[in-house]
Amino acid sequence: MPGTHNDINVLQCSPVFAKLVEGHSPPVNFEVNGRQYNKGYYLADGIYPRWSTFVKTISNPVPGGKNAWFAKIQEACRKDVERAFGVLQSRFAVVRFPAQTWSKDQMWKIMTCCVILHNMIIESEQEEPVFDTEPYYRQGPLAEVDHQLRATWTAYLSMRQEIRDPQVHHQLQQDLVEHLWRLKGEAGNDV
C-alpha cells in the first residue's frame with residue numbers, strides 16, 4: 001500500500017533503535033561546543049521527532065545568521081547521503097527493490113559490496129585515482145561492538161527515555177549551530 005512505509009512507520013519498527021534501546025550499539029562519544037555526548041546521531045528532516053539521536057534542520061531561519069548557516073550545512077550533508085544512496089540505486093538494481101526476505105547480514109554484505117564496486121568503477125574511470133582520506137582523519141578509532149546480554153527492563157526504559165529526550169535534541173542542535181558558526185569564522189567566510 002502506498003504510504004505505509006513512510007519514514008515514521010519505518011522508524012517505529014527500526015532494529016537500529018531497538019538495538020540502541022537494548023544497549024547493543026557501538027559506543028559513540030564526542031564533544032561539541034565543550035559538551036560531551038554519548039550517542040551517535042542521524043541527520044533528519046522536519047518529520048522526525050525531537051530525539052537525542054536526530055539532528056534536524058532549522059525551519060525558516062533568519063537569513064545570514066548562525067541558524068541559517070547551520071540549516072544550509074545540515075541540509076547539504078543530508079542531501080549528500082540521499083544522493084549517494086540514489087547513485088547506488090541507479091547503478092545496482094539489487095538496491096532498488098524491497099529486501100524484506102533478506103537477513104540483516106545479507107543486506108549488510110550486499111550494500112558493502114555495492115559501495116566497494118561503485119568505488120572501484122569510479123577509480124577505474126579516472127586516469128589517476130585520488131585517494132582522499134581527509135573526511136576520515138578525525139573519526140577516531142573504529143567502534144567495537146558490544147555483545148553483552150540484553151539490558152534489564154529498568155535500563156531499557158532509561159535508555160528509551162534518553163533517546164527520546166527533546167532537551168538533548170535541542171542542546172545538540174544548538175551546540176552544532178555554534179560549532180559550525182565558529183568553524184565558518186575560523187575559515188573566513190569562504191566555507
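The values are calculated or read from the model by the stated rules, or taken from the named source; none is laboratory data. None of these values were measured; they are calculated from a predicted model. Please note: Cβ atoms are built from the backbone with ideal geometry, for glycine as well, and neighbour counts cover all protein chains shown. SASA here: full protein model, heavy atoms, side chains in, ligands and nucleic acids out. Shrake-Rupley method; radii C 1.70, N 1.55, O 1.52, S 1.80 Å.
Figure note: 156, 42 ranked by solvent-accessible area, largest first, 1.4 Å probe, ligands and nucleic acids not counted: 42, 156. Within straight-line reach of residue 39, meaning a Cα separation under 21 Å, sit the following lysines at least 8 residues removed in sequence or on another chain: 19, 56. All other residues whose Cβ lies under 13 angstrom from that of residue 167 are scored, Lys and Arg at +1 and Asp and Glu at -1, for a net of 0.
The largest accessible area among 107, 159 belongs to the first residue in 107, 159, and the rest follow in falling order (1.4 Å probe, all chains). Applying 1/(1 + (r/R0)^6) with R0 = 41 Å to the Cβ-Cβ distance of residue 107 and residue 167 gives a FRET efficiency near 0.75. Rounded to the nearest 10 square angstrom, residue 47 shows an accessible area of 100 square angstrom against a 1.4 Å probe. Counting Lys +1, Arg +1, Asp -1, Glu -1, what net charge surrounds residue 95 among other residues with beta carbon under 15 Å of its beta carbon? Combined, the nearby Lys, Arg, Asp and Glu give +3.
Cβ-Cβ distance of residue 157 and residue 28, R₀ of 22 Å, FRET efficiency by 1/(1 + (r/R0)^6): the value works out to about 0.60. Of the accessible area of segment 5-67, computed with a 1.4 Å probe over protein heavy atoms only, carbon and sulfur atoms account for 53 percent.
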